[in-house]
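Novice: What follows is a single structure, and I will ask about it in a moment.
The values are calculated or read from the model by the stated rules, or taken from the named source; none is laboratory data. No experiment lies behind these values; they were computed from the predicted model shown. Using ideal geometry, Cβ is built from the backbone for each residue, glycine included, and neighbour counts are taken over all protein chains shown.
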Amino acid sequence: MKKQLLLFLCLGPLLCIAQTYAEKLGYPKDARVIILHVDDAGMSFDSNEGVVKAMNEGVANSTSIMMPCSWVPGILAYLKTNPNTDAGLHLTLTSEWKSYRWGPLAGKTAVPGLVDKEGSLWKSVPEVVMHASPDEVYKEIKSQLDRSRTAGWEPTHFDSHMGTLFASEGFLRKYLQLGIEEKIPVMFPGGHNTMIMQTESASLLKKEQTDAIGQMLWNAGLPVLDDLHNVSYGFSYPKQKLDDKKLQEIATDYYLKSFKQLQPGVTMVIMHCTAPTEVFSKISDSGITRKADLLAMQSPALKKYLKDNNIILTTWRELMQRRKAVKQ
């Protein structure tokens, strides 16, 4: 396995995959299958409220937890009473806000390259890449998994806060290594990658690399995404104050237009549903974007669109169950 991890970047283009990973997992040919996934659970009270509302009152069906953050006990309490929730780990290597910070779970002496002069995780992805080693990254993400298990929660998947684990080849190897070792699915677009290749982050990955990594994960017994929808944080909203109805209308329209680009396969749709109080503005100025995500997930128009267009909703939990049932 380690040899595979060291060699994957050297692999040349694979033959074009005849099937989508969705089809390999038993979904109908040409099916559009999506995970409506909410990032940043555990980051704040408002984030937790948004996650719960998006899943209980809307169509969102998956989330992931920022284990170093202060409001993790709140979301873990929810999970204990809702054990079938699709909740993974939003592996966190940055602490990006000005007035609200967090540090590494491994401890600053164990991972000195991951902390700034305040003892918190670095604020930006480039700073993490500049100062941290892949071994420190592995130690920290393993510590975040350990905390989840200590709290009694087995994550359904791994993904990456701010995409930090995709920012260097060494970090990516450690991310994939942990998923393969622990038999936990990892967020990685290994299929046609139609939507993710339109984003800025796509410049870090080449199609021949994503093909090779996708095949490696599949061979390791893990499900693989065909694509990532990672555009909602860039949706633009008017600066003037909007009532919830108008904000929901605008946000839903953005989602519906983006969903028209969905291709056959399994696509993870990433969002940041939050129910912002006056306190959230002291953390971040992204409250309107996050509230808009929540309102869109609660929109009857969005729910109707999914039904009318035969878009299938799935979760990481279901994908892993399907992968276990596939022999190859």
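Novice: Just a yes or no: is a residue in segment 190-199 closer than 28 Å to ASN309 by Cβ, in a loop (DSSP other than H, G, I, E, B), at pLDDT below 95 and of a type in the set (A, V, I, L, M, F, W, C)?
Specialist: Checked segment 190-199: at least one residue is closer than 28 Å to ASN309 by Cβ, in a loop (DSSP other than H, G, I, E, B), at pLDDT below 95 and of a type in the set (A, V, I, L, M, F, W, C).
Novice: Name the residue that is nearest to VAL128 (Cα to Cα), counting only residues in segment 65-115 that are among the polar types (S, T, N, Q) and in contact with a Leu (Cβ under 6 Å, 6 or more places away or on another chain).
Specialist: THR94
Novice: Please determine, by comparing only the residues of segment 117-141 that are of a type in the set (D, E, K, R) and surrounded by 18 or more Cβ atoms within 10 Å (Cβ to Cβ), which one is nearest to the chain's Cα centre (by Cα).
Specialist: GLU140
Novice: Mind listing just one residue for me: the one in segment 161-189 that is in contact with a strand residue (DSSP E or B) (Cβ under 6 Å, 6 or more places away or on another chain) and within 14 Å of VAL269 (Cα to Cα) and, of those, modelled with the highest pLDDT?
Specialist: MET187
Here is a yes/no grid of residues against (1) closer than 22 Å to GLU140 by Cβ; (2) touching a strand residue (DSSP E or B) at 6+ places or on another chain (Cβ under 6 Å); (3) basic (Lys, Arg); (4) free of Cβ contacts under 8 Å to residues at least 24 places away in the same chain:
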| residue | (1), (2), (3), (4) |
| --- | --- |
| ILE34 | no, yes, no, no |
| GLU57 | no, no, no, no |
| ASN61 | no, yes, no, no |
| PRO68 | yes, no, no, no |
| ILE75 | yes, yes, no, no |
| TYR78 | no, no, no, no |
| ASN82 | no, no, no, yes |
| ASP86 | no, yes, no, no |
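Novice: For the condition of a type outside the set (Ser, Thr, Tyr) and farther than 18 Å from LEU25 by Cβ, what is the one hit in LEU247, LEU222?
Specialist: LEU247
Novice: Condition test on GLY170, is it out of contact with any helix residue (DSSP H, G or I) (no Cβ under 6 Å at 6 or more places or on another chain) and over 20 Å from GLN263 (Cα atoms)?
Specialist: no
Novice: Going through segment 179-195 one residue at a time, which ones are of a type in the set (Val, Ile, Thr) and either crowded, with 23+ Cβ neighbours inside 10 Å or more than 19 Å from GLN263 (Cα to Cα) (or both)?
Specialist: Correct list: ILE180, ILE184, VAL186.
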